[in-house]
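Okay, so here's the structure we're looking at.
The values are calculated or read from the model by the stated rules, or taken from the named source; none is laboratory data. Just so it is clear, the model here is predicted, and its values are computed rather than measured. Note that each Cβ is placed from the backbone with ideal geometry, even for glycine, and that neighbours are counted across all protein chains shown. Surface areas here come from the heavy atoms of the whole protein model, side chains and all, with no ligands, DNA or RNA. Shrake-Rupley method; radii C 1.70, N 1.55, O 1.52, S 1.80 Å.
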Amino acid sequence: QVQLVESGGGLVQAGGSLRLSCAASTTIFSINVMGWYRQAPGKKREFVASITSDGTTNYADSVKGRFTISRDNAKNTVYLQMNSLTPEDTAVYFCRGSTILYDYWGQGTQVTVSS
């Protein structure tokens, strides 16, 4: 069983930045894909960004050029650097780890962007 714990959320003004962290209870080298998702009030959970074990990244169109996902295998941690935040980025952000057999989710961290 893999546990994922997100941190780094908070309240920020529009145009500001935040860095989210997702710490895994096991080596993330064994997790094929690590990703970030978000869910705004009244909306479905949506994909934000992902990174594979070989470092290949993928982003939702809405965050391309503003968000950067990275991983530190030595620290078993995945990061999401979020720049140029807008109120539309307000949501609970979840970390996901996917292996061939299982999906693991963190409990989420709230990001609120004020206008």
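Just one of the listed residues (Tyr59, Tyr93) is of a type outside the set (A, V, I, L, M) and more than 16 Å from Leu4 (Cα to Cα), namely Tyr59.
Checking each residue in region 17-36 for being in contact with a Gly (Cβ under 9 Å, 6 or more places away or on another chain), at pLDDT 95 or above and of a type outside the set (A, V, I, L, M) picks out Arg19, Ser21, Cys22, Gly35. Suppose the filter is surrounded by 13 or more Cβ atoms within 10 Å (Cβ to Cβ), in contact with a Pro (Cβ under 8 Å, 6 or more places away or on another chain) and farther than 18 Å from Asp103 by Cβ; does Ala14 pass it? Yes, satisfied. Just one of (1) within 10 Å of the chain's Cα centre (by Cα); (2) among the polar types (S, T, N, Q); (3) modelled with pLDDT under 95 fails for Ser70. It is (3). Among the residues of region 31-59, just one is of a type in the set (Ser, Thr, Tyr), surrounded by 14 or more Cβ atoms within 10 Å (Cβ to Cβ) and assigned to a loop (DSSP other than H, G, I, E, B), namely Ser53.
Of all residue pairs spaced 6 or more apart or on separate chains, those with beta-carbon atoms under 9 Å, a first member in region 64-76 that is of a type in the set (Asp, Glu) and a second member that is crowded, with 16+ Cβ neighbours inside 10 Å are Asp72/Ile28; Asp72/Val78; Asp72/Tyr79.
The residue of region 64-115 that is least open to solvent (accessible area, probe 1.4 Å), among those that are of a type in the set (D, E, K, R) and assigned to a loop (DSSP other than H, G, I, E, B), is Arg66. Selection of region 73-102 for residues being of a type in the set (Lys, Arg) and at pLDDT 95 or above yields only Arg96.
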